[in-house]
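Data block below; observations after.
The values are calculated or read from the model by the stated rules, or taken from the named source; none is laboratory data. Because the structure is predicted, anything quoted here is derived from the model rather than measured. Cβ coordinates were reconstructed from backbone atoms using ideal geometry, including for glycine residues, and neighbour counts include every protein chain displayed. To get the accessible areas, we keep the full protein, side chains included, count just its heavy atoms, and leave off ligands, DNA and RNA. Shrake-Rupley method; radii C 1.70, N 1.55, O 1.52, S 1.80 Å.
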Amino acid sequence: MEKIYHGIPVSPGIVWGEALVYDPGVINIPRFKIKNPKEEYKRVQSAIDITKEELTLLYKKTLENFGKKQAGIFDVHLMLLEDETILIELKRRIHEELLNAESVLYDIAQKYSKDIKSTGNSFIEERTADVIDVIDRIIRNLLEQKRPDLDNIKKPCILLSVDLPPSETARLHPEKIRAIVLERGSTTSHVAILARSLRIPTIVGVSNLFNTYTAVIKGAAVDAISGLLYINPTSDTILKLRQKKIQLSRRFLQYEKRIISHPSQTEDGRRISVLANIELPNEVDDNVKHLSAGIGLYRTEYLFLNKTEPPTEEEQYKEYVYVAKTLNPLPVILRTIDIGGDKLASYTNFIKEQNPQLGCRAVRFCLAHKDFFKTQLRAMLRAASIGNIKIMFPMISSIEELRDVKKILQEVKNELTLEGIPFNKEPEIGIMIEIPSAVLIADELAKECNFFSIGTNDLIQYSLAVDRNNENIAHLYDPAHPAILRMLKMTVSSAINANIACSICGEMASDPLFTEFLVGLGLNSLSMSSVSIPQIRALITKITYTEAVEFSEKILQCASSKEVRSILKERINTKFKNIVSIV
Amino acid sequence: MNNNRIEKIIKVVNSLGVHARPAAMIVRAMQKYDAHIYLVYNGNRRNAKSVLQILSLGAPKDAEIVAVAEGKDAHSALQELEEIFESGFGEE
């Protein structure tokens, strides 16, 4: 029977086909007395052998697809599999206590995770996940309950899961994963951001996906335009989706043709740069090359994720140079790492925080780990001598912070000069405006940097005190809140008064609902994931700047978000219907 | 018990401490010796031939670990162990 679920579409597309439930779930560990310890030990040995084969395969595949660093983790998993401690304890307890292997393994995992956690070394603590992971694999093999491996997917499929951590997401292959549907997550979660850049149609926030379905899943259809998931879709549904898909691709093609021949400007000739946000160098695709005016936000922390140790200066340098060279002379804005918060890399000595979003992340982290920070700045300054690179600092909340990072930047320049290594002595320096305090002192900050980029995702989260990943309050995360719109206005005005550039790089920049408002504020640079570029560029050509200015002023008069939305929607429906009905 | 027992104080020099990859390196190197090899840190004594046990030491940068080896090849085992620690496990 067909079942329909609703969620939030975060990366557009329409796909149907086989579904894969990636839900390791909770396994019930059976605990019972055994009669024949020899047989039991043999049974667990063969489960270990199977696990070994699995992990060896994972190691090889990861090595092939992602390189030695990422594969390193499976090497450690393999060693844990042969660990004396585990084997001796297994043998002893099976023989002495006549306990089944599953329960002994479970106890070992519990005991050592507790031990490792009690050391108080948070970096090593992270490794309990590996211990549990390996033991979980053995137990699953004992119980013959396989866990689907994302690296090991043979046929392209639609992935259904409760959630995916960033490191798991970073290993997704767009050729294998045709669509992603998650019970958790939100528009701005990292799964969403990465899915968009990999162009995997994705729906998140599908409530009760795993609570209510009882039907055997034969297949699924994903309409990540309207946010609909069909489990076991009927042939009628597929027919309907096929038609929708054909219509959409026709319209998109029309867009692209029109755009390439058209400069990115309003009807009355105001130039608006549409830039791309990227996470990884290989996202510099045709859309970015032909349709964008450069990279407005390169989130460099993705180079640091899913690795057992940080990338070296040379490794970073190569990546930055590659992007800058490919796009030269277009600008590439490198943002220094925003590690911490929800993007915690596994190798940093990161102390678990009660409230990581308000914790030691981004420049705070960098100022506390200067060596780490300097390595990245060296790579950036060196790369800036080759392409049009600008450097941007995230999470600036005070003038002191800006001065501190600039001081370190100067130190790095002095070091490079002394070492006689070529670098760009005066690259443009900018900051992210994403903390309310930065908005309020934007006029002061503007005196000491070359550009602003407004990070609306965090700005909204911090201004409205809403955790964007908490489904219970996600509806309060509202870009149309008048407070947010006023903050945008303040920031843009401060930049204009100080005669520095200002762009916007949050999700709001890619939402057609806000385009005219943003242009009317005086922003002349919008940065977004590359999939959104064609639509926003098409929209810009239909905007009249003088009208947009008036329209923005009208919007800023609104007292409620409801009012804002109704005006924005009405405007879209009357003025931009042809372009925006697609979303 | 073999009376060939040696002790050495070994310092962790790499910035990330003895995490998973170094633990794997240590085990790989120590497995080829017959001697019993232990690492003592913060009052905990752990088997140097087990990744799991080394991880549960939780030794950060600058930690001073007492390495103990007992057996006929104890001397060469500790020598290699010391070299591995001094190399910072090939990290910074």
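Things to note:
- Nonlocal amide H pairs with B:ALA63, under 5 Å, H built at 1.01 Å: B:VAL12
- Length available on full extension from A:LYS425 to A:ILE238: 0.36 nm per residue minus the Cα-Cα distance, which gives 61.5 nm.
- For B:VAL18, the residues 5 or more places off, or on other chains, whose built amide H falls under 5 Å of its own are B:ALA59.
- On the beta carbon distance between A:LEU248 and A:ILE399, with R0 = 51 Å, the FRET formula returns roughly 0.60.
- Per residue value of the accessible surface for the range A:359-433 (all protein chains in place, 1.4 Å probe), Å²: 39
- Computed from the C-beta positions of A:ASN355 and A:ASN28 and an R0 of 30 Å, the FRET efficiency is 0.30 to the nearest 0.05.
- All other residues whose Cβ lies under 11 angstrom from that of A:ILE389 are scored, Lys and Arg at +1 and Asp and Glu at -1, for a net of +2.
- Computed magnitude of the charge dipole of the range A:470-583 (debye, nearest 20; Cβ of K, R +1, Cβ of D, E -1): 220
- Taken residue by residue and averaged, Cβ atoms of other chains lying within 10 Å of the Cβ of B:21-32 number 3.
- Against the compact-protein benchmark of 2.2 N^0.38 Å, the Cα-based radius of gyration of the protein assembly as shown scales to 1.06.
- Between chain B and chain A, roughly 2000 Å² of accessible surface gets buried, counting both sides and using a 1.4 Å probe.
- Amide H partners (placed H, <5 Å) of A:ILE454, local residues excluded: A:ILE433, A:SER503, A:ILE504, A:CYS505
- Kirkwood Rh in Å, taken over chain B so that all alpha-carbon pairs contribute: 12.7
- Overall dimensions of the range A:397-520 by Cα: Rg and Dmax, Å: 16.9, 55
- For chain A: relative contact order, % (alpha-carbon pairs under 8 angstrom, 6 or more apart): 15
- Based on the convex hull around the alpha carbon atoms, the range A:477-583 presents an average projected area of 6.5 nm².
- Per-residue ³J(HN,Hα) for the range A:504-513, Karplus 6.51 cos²θ - 1.76 cosθ + 1.60, θ = phi - 60°, Hz, x for Gly and Pro: 10, 10, x, 4, 4, 5, 9, 8, x, 4
- Amide N proximity, the range B:66-92 versus A:ASP371 label position 7 Å along Cα-to-Cβ, cut-off under 18 Å: B:84-92
- Ranking A:TYR298, A:MET487, A:ILE4 by how far each Cα lies toward the positive end of the dipole of the protein assembly as shown (charges on Cβ) leaves A:ILE4 at the top.
- A:LEU57-A:LEU87 FRET efficiency (beta carbon distance; Förster radius 22 Å; 0.05 resolution): 0.50
- Estimated inter-spin distance, A:LYS68 and A:ILE473, nm [label 7 Å along Cα→Cβ]: 4.7
- Residues of the range B:57-89 with an amide N closer than 16 Å to a point placed 7 Å from the Cα of B:LYS11 along the Cα-to-Cβ direction: B:60-67, B:82-89.
- 3J(HN,Hα) along the range A:547-556: 5, 4, 4, 4, 4, 4, 4, 4, 4, 5 Hz, from the Karplus curve 6.51 cos²θ - 1.76 cosθ + 1.60 with θ = phi - 60°, whole Hz, x for Gly and Pro.
- Counted charge near A:PRO201, where neighbours are those whose Cβ lies closer than 12 Å (Asp, Glu -1; Lys, Arg +1): +3
- Computed label-point distance, nm, for sites A:MET1 and A:GLU267 using a 7 Å Cα→Cβ extension: 5.1
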